[in-house]
Structure formats: C-alpha cells, structure tokens
1. Any idea how many residues of the stretch 23-46 are in contact with a helix residue (DSSP H, G or I) (Cβ under 8 Å, 6 or more places away or on another chain), at pLDDT 90 or above, closer than 21 Å to LYS94 by Cα and not hydrophobic (A, V, I, L, M, F, W, C)?
2. Of all residues in the stretch 1-33, how many are closer than 17 Å to LYS83 by Cα and open to solvent by 30 Å² or more (accessible area, probe 1.4 Å)?
3. Which residue pairs have Cβ atoms under 9 Å apart, sit 6 or more places apart or on different chains, and have a first residue in the stretch 130-150 that is touching a residue at least 60 places away in the same chain (Cβ under 8 Å) and a second that is among the hydrophobic types (A, V, I, L, M, F, W, C) and open to solvent by 50 Å² or more (accessible area, probe 1.4 Å)?
4. Out of (1) at pLDDT below 95; (2) in a strand (DSSP E or B); (3) surrounded by 16 or more Cβ atoms within 10 Å (Cβ to Cβ), what's the single condition that is false for ILE53?
5. Just to be sure, is ASN62 modelled with pLDDT under 90, of a type in the set (S, T, N, Q) and over 22 Å from LYS143 (Cα atoms)?
6. Looking at the stretch 24-50 only, could you name the residues that are touching a residue at least 60 places away in the same chain (Cβ under 8 Å) and either within 13 Å of SER134 (Cα to Cα) or of a type in the set (A, V, I, L, M) (or both)?
Amino acid sequence: MKNTEEDSKKFWEEVGNKKGGKVGFYTFANFLGESGGKPVSLGGLIYTVDGIIYFEDFEKDNWFAKIISRRQKYEKTEFSLRKEDIEEVKIISKSSALNCISGLIEDTETKPYAKILAILYQSVIQIRLKSTGSFFFDIMRDKDFIKALK
C-alpha cells in the first residue's frame with residue numbers, strides 16, 4: 001500500500017512540474033461535452049495547478065472495440081480552462097447538461113440542481129465561461145472541486 005501512495009505522490013509531483021506549479025486538487029471525471037457541440041463520454045482526470053483547471057482522458061481498454069474496429073486509433077484529449085475565464089460553476093442535472101450540449105437550451109438557461117431530485121436524476125458540473133459557452137463534467141468529488149475553485 002505504501003508503494004501505491006508513493007507512486008501517486010510522485011505522479012502528481014511530475015504532473016505539477018510539467019505544468020509549472022503544484023497540483024492543488026485532483027479527482028476522476030467524465031467529460032460530457034461542450035455547449036452547442038456533440039455529446040462525448042471521456043473518462044479521465046481533472047486537476048488544478050495555479051489557477052488553471054486541466055482535464056486529460058486516458059485510453060479505455062475495450063477489447064471488444066479493438067476486435068471490431070482495428071482502424072480506430074486512440075487520440076488523447078487534453079485541455080485547460082483558466083479560473084479567471086470562468087463566469088459560473090454550478091451543479092445541474094445530467095439531462096439539462098445533455099440538452100445544452102445538443103443545443104436544445106442555452107448554457108445560461110440551465111437551472112441549479114435541487115437536492116430533492118437526487119433520487120431521480122444524476123448531477124453534473126457545468127463550468128460556464130465568460131466568453132465562450134460551457135463545459136460539462138461528471139466529477140467524482142464535485143463539491144470538493146467547487147470548493148477548490150474558490
């Protein structure tokens with residue numbers, strides 16, 4: 001168990017060094033897409049380094065897809081968002097996020113997630129930027145993520 005903790009610590013130190021700072025918060029996340037785009041489902045890591053939010057996916061080990069479609073190569077997805085470019089961060093329903101991604105509603109029309117709906121609907125994080133749309137994530141530690149951005 002100690003090796004796992006040391007490996008994890010070393011991994012995050014290396015990530016911080018590559019990004020030019022110290023990793024402040026990290027967790028697993030599923031990137032669902034951007035407003036007005038197409039829905040995606042990319043599992044990966046979301047983390048912060050000195051006021052910048054990073055997301056990077058990792059290759060799924062799907063043996064069935066490899067048998068069926070050998071031509072499809074994995075392309076890494078990695079992007080960042082600066083905290084100063086964020087207008088709003090809120091928890092919304094996944095269905096609302098998918099409607100926004102598909103262009104059925106504007107990203108300013110999403111409503112905050114009501115806790116009473118937790119039994120019926122899955123929640124996701126919406127990061128609405130000041131200038132260009134929103135990004136949607138299903139984040140494992142969503143409330144901790146929001147606190148880390150403050």
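The values are calculated or read from the model by the stated rules, or taken from the named source; none is laboratory data. All values reported here derive from a predicted model rather than from experimental measurement. Every residue, glycine among them, receives a Cβ derived from its backbone with ideal geometry; neighbour counts consider all protein chains shown. For the accessible areas, the whole protein counts, side chains as well, though only heavy atoms, and no ligand, DNA or RNA atoms are used. Shrake-Rupley method; radii C 1.70, N 1.55, O 1.52, S 1.80 Å.
1. 4
2. Result for the stretch 1-33: 5.
3. PHE136/LEU98; ILE139/PHE28; MET140/PHE28; ARG141/PHE28
4. Of (1) at pLDDT below 95; (2) in a strand (DSSP E or B); (3) surrounded by 16 or more Cβ atoms within 10 Å (Cβ to Cβ), only one is false for ILE53: (1).
5. Answer is yes for this residue.
6. Matches in the stretch 24-50: ALA29, PHE31, LEU32, GLY33, GLU34, SER35, GLY36, GLY37, LYS38, PRO39, ILE46.
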